[in-house]
């Protein structure tokens with residue numbers, strides 16, 4: 001019997017990249033693995049993790065990989081106000097984000113409203129809406145706790 005990833009278990013990176021119709025390279029695999037292992041990583045963090053693994057990669061190559069992955073639906077790009085663009089591997093569901101105003105930590109939170117789009121605007125202005133982004137802001141448990 002073949003081992004097939006479940007809906008909650010992503011395909012191995014090589015298979016995911018290949019299935020997306022992208023060329024499989026060591027750099028692309030390392031970028032995807034960094035994003036999958038991380039928590040809403042920015043480009044510099046991704047590049048540093050890939051360099052630690054491969055020894056060399058340009059920022060442009062990282063941008064190229066994440067752009068291709070985003071277009072292919074392998075990663076999601078988010079950009080909370082006042083924060084650098086971040087990338088995450090959780091795609092294809094209707095989740096939102098909690099962002100700490102103090103340390104910038106980003107945490108996924110499931111939608112409480114069901115199927116996307118989870119919000120209906122009062123006036124859609126003729127748009128065919130296919131996605132809604134919600135970002136909750138506050139202080140994480142670490143930053144909300146007074147030092148003592």
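Descriptive notes on the structure:
- Whole-number percent relative contact order across region 13-87, with pairs defined as alpha carbons under 8 Å at least 6 apart: 30
- Relative contact order computed over the chain (Cα-Cα under 8 Å; 6+ residues apart), in percent: 17
- Over region 93-144, relative contact order from alpha-carbon pairs under 8 Å, at least 6 apart, %: 46
- Sorted by Cβ density within 10 Å, fewest first, the residues 139, 97: 139, 97
- Ranked 46, 78, 59, criterion: other C-beta atoms within 10 Å, fewest first: 59, 78, 46
- Region 93-144: antiparallel DSSP beta bridges as a percent of all, rounded to 5: 55
- For the chain, calculated [θ]222 nm from helices alone, where every DSSP H run of n ≥ 4 adds -39500 (n - 2.57): -9500 deg cm²/dmol
- For the chain, built as a Gaussian network whose Cα springs stay under 10 Å, the top-fluctuating residue of 11, 122, 20: 122
Throughout, read-outs are computed from the coordinates displayed, never taken from laboratory work. Fair warning: this is a prediction, and the values are worked out from it, not measured in the lab. Neighbour counts are summed over all protein chains in view; Cβ atoms, including those assigned to glycine, are modelled from backbone coordinates with ideal geometry.
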